[in-house]
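Asks: First the structure, then my questions, so here it is.
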Amino acid sequence: MHDASRDRWVLRHFLRAAVQISLVSIPILLLVPGPMWVRLSALLLGALVGLQYALWFVDGSVERRIRKAGYPPGAAQAARDALHAEERAAAAARYAARYQSGNAR
């Protein structure tokens with residue numbers, strides 16, 4: 001739960017995906033025949049696509065891992081919300097003071 005509920009949880013997920021991609025990329029780089037520049041460019045483009053998908057589906061993937069660990073659905077998001085509750089309350093108060101009081105500049 002710790003890695004899914006802290007400040008840098010997206011970075012940790014991104015690095016996790018990069019490690020998984022590299023485990024597939026290294027044998028492809030070493031075993032597939034052809035010019036090295038073709039293999040490297042194909043692996044680079046494939047890694048970029050894989051990391052893009054990892055970034056798009058970060059919320060669902062982390063929530064699925066949390067559920068598999070035995071936590072209830074939404075537990076990671078609730079922990080992240082609790083971590084930043086004071087910051088969000090302060091931002092909401094600033095917003096209310098500026099825009100809802102009728103004194104907007």
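The values are calculated or read from the model by the stated rules, or taken from the named source; none is laboratory data. Fair warning: this is a prediction, and the values are worked out from it, not measured in the lab. Positions of Cβ are backbone-derived with ideal geometry, glycine not excepted, and every protein chain shown enters the neighbour counts.
Asks: Within the range 73-81, is even one residue surrounded by 11 or more Cβ atoms within 10 Å (Cβ to Cβ), hydrophobic (A, V, I, L, M, F, W, C), assigned to a helix (DSSP H, G or I) and free of Cβ contacts under 8 Å to residues at least 60 places away in the same chain?
Replies: yes
Asks: Between residues in the range 32-61 that are in contact (Cβ under 8 Å) with a residue 12 or more places away in the chain and residues that are assigned to a helix (DSSP H, G or I) and β-branched (V, I, T), which pairs lie under 8 Å by C-beta distance while being six or more apart or on different chains?
Replies: From residues that are in contact (Cβ under 8 Å) with a residue 12 or more places away in the chain, the pairs are L43/I28; G46/I21; A47/I21; G50/I21; L51/I21; L55/V10; V58/V10.
Asks: If you don't mind, another one. Keeping to the range 20-37, report how many residues are more than 14 Å from Q52 (Cα to Cα) and part of a helix (DSSP H, G or I).
Replies: Qualifying residue count, the range 20-37: 12.
Asks: Go through the residues of the range 50-68 one by one and say whether even a single one is outside any helix (DSSP H, G or I) and surrounded by fewer than 12 Cβ atoms within 10 Å (Cβ to Cβ).
Replies: no
Asks: Right, something else. Can you tell me which of A17, A91 is at pLDDT 90 or above and either surrounded by 11 or more Cβ atoms within 10 Å (Cβ to Cβ) or touching an Asp or Glu at 6+ places or on another chain (Cβ under 8 Å) (or both)?
Replies: A17
Asks: Determine which single condition Y71 fails, assuming it passes every other condition in (1) farther than 30 Å from E87 by Cβ; (2) more than 13 Å from the chain's Cα centre (by Cα).
Replies: (1)
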